[in-house]
Amino acid sequence: MGERSLREIALAVGTDKESAHSYAAAYERHLGHLRNRPVRLLEIGVGGYADPHSGGASLRMWKEYFPNGEIIGVDIFDKTALAEPRITIVQGNQSDGDFLDDVATRYGPFDVIVDDGSHICAHVIKGLRHLFGALSEGGIYAIEDLQTSYWERGYGGSSRGDRRGTSMTMLKSLVDGLNYAEFDIVNYEPTDFDRNITSLTFYHNLVFIQKGPNLELSNSLPAHPRASTVYALEPASTAGPGSAGQVRRWARRHIPKSIRAAVMGRIRSRS
């Protein structure tokens, strides 16, 4: 009998990764190459709420899928009763940066991190900021249930025009960061995310962030930081209608060079 697919395992153990959601195929696409390696996988969120004997289905799924792996689960409730060989469970709050740093120090580095925790936008963002550094080179950080990024009540999301502070807004900024070498910004200092994310792949309510060196330079612009811009236009606030800069640009576009030269010559001769 051959190895079961991740979907088959998910259905057998009863995790909602393949019942309420359809994540298994995407996970297998991104993690399949790691299957027989001695991976260390951290999952935030064990499941089962306050019942100490309920939950852990996805941890058992990962244990079977990665037969040589070590699985670490984190939950706000005490779930240590669900621990078993190759599954370690730690109690703590995803919103506590010191706790996340301690998990990273004690159990990292990780080859895979899965955020299936509170799904509160601020917690998702904090988790990524505190744990991304504990991800190994070439590692993968997955965030599930991104629908909450659009839900205000209880999750801090937004479906309105202003979505600052939401999970998806943060992730979209990371997409821009893939191209940080092209940012035409004076004295811009690339972030750790800019320099260490090579791709983001989005699915319905799910994203995979690939860690690796993102150091390719622009083929048009000098390396950061730069003392001046190259392609940036003068802001409208300093180049409004009738400003000297706008008049000069209009003249260059619409008046032949010979006429401009003659006019300037007459002006200089009078002065």
**OP:** Among the residues of segment 201-221, write down those that are under 18 Å from L34 (Cβ atoms), in a strand (DSSP E or B) and not aliphatic (A, V, I, L, M).
**Re:** T201, F208, Q210, K211
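Take Y49 and decide whether it is part of a helix (DSSP H, G or I) and of a type in the set (F, W, Y). Write out each step before concluding.
Working: part of a helix (DSSP H, G or I): no; of a type in the set (F, W, Y): yes.
The answer is no for Y49.
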Original post:
Where residues in segment 1-29 are in contact with a strand residue (DSSP E or B) (Cβ under 9 Å, 6 or more places away or on another chain) and buried (at least 16 other Cβ atoms within 10 Å of the Cβ), which of them is farthest from D75 (Cα to Cα)?
Top reply: A26
**OP:** Take segment 24-50 and flag every residue that is of a type outside the set (A, V, I, L, M, F, W, C) and touching a Ser or Thr at 6+ places or on another chain (Cβ under 9 Å).
**Re:** E28, R29, H30, R40, E43, G45, G47, G48
Original post:
Given (1) within 21 Å of Y141 (Cβ to Cβ); (2) out of contact with any Ser or Thr (no Cβ under 7 Å at 6 or more places or on another chain); (3) outside any helix (DSSP H, G or I), where does I72 come up short, assuming only one miss?
Top reply: (2)
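Find the residue count for segment 155-190, including only residues that are among the β-branched types (V, I, T), closer than 19 Å to H204 by Cβ and either exposed (fewer than 15 other Cβ atoms within 10 Å of the Cβ) or not assigned by TED's automatic domain parsing to the domain that holds H204 (or both).
Initially, segment 155-190 is screened for residues among the β-branched types (V, I, T), giving 166, 169, 175, 185-186.
Next, only the ones that are closer than 19 Å to H204 by Cβ stay: 166, 169, 175.
Then drop every residue that is not either exposed (fewer than 15 other Cβ atoms within 10 Å of the Cβ) or not assigned by TED's automatic domain parsing to the domain that holds H204 (or both), which leaves 175.
Adding up the residues that qualify gives 1.
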Subject >> Filter result (in contact (Cβ under 8 Å) with a residue 60 or more places away in the chain, in contact with a helix residue (DSSP H, G or I) (Cβ under 6 Å, 6 or more places away or on another chain) and in a helix (DSSP H, G or I)) within segment 18-35 >> reply: Y27
Subject >> Any chance D111 is over 11 Å from the mean Cα position of the chain (by Cα) and either assigned to a loop (DSSP other than H, G, I, E, B) or surrounded by fewer than 19 Cβ atoms within 10 Å (Cβ to Cβ) (or both) >> reply: no
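Just to verify a result, which residue in segment 78-96, among those that are assigned to a loop (DSSP other than H, G, I, E, B) and in contact (Cβ under 8 Å) with a residue 12 or more places away in the chain, is farthest from D115 (Cα to Cα)? Don't jump to the end; show me each part of the working.
So the first thing to find is which residues in segment 78-96 are assigned to a loop (DSSP other than H, G, I, E, B), and the list is 78-79, 83, 85-86, 92-96.
Remaining after also requiring in contact (Cβ under 8 Å) with a residue 12 or more places away in the chain: 78-79, 86, 92-95.
Values: D78: 18, K79: 17, R86: 19, G92: 14, N93: 13, Q94: 10, S95: 12 Å.
Ranking the qualifying residues of segment 78-96, first place goes to R86.
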Subject >> Members of segment 39-69 that are under 19 Å from V103 (Cα atoms) and surrounded by fewer than 19 Cβ atoms within 10 Å (Cβ to Cβ) >> reply: none
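The values are calculated or read from the model by the stated rules, or taken from the named source; none is laboratory data. On a predicted model such as this, the values are computed, not experimentally measured, just so you know. Cβ coordinates were reconstructed from backbone atoms using ideal geometry, including for glycine residues, and neighbour counts include every protein chain displayed.
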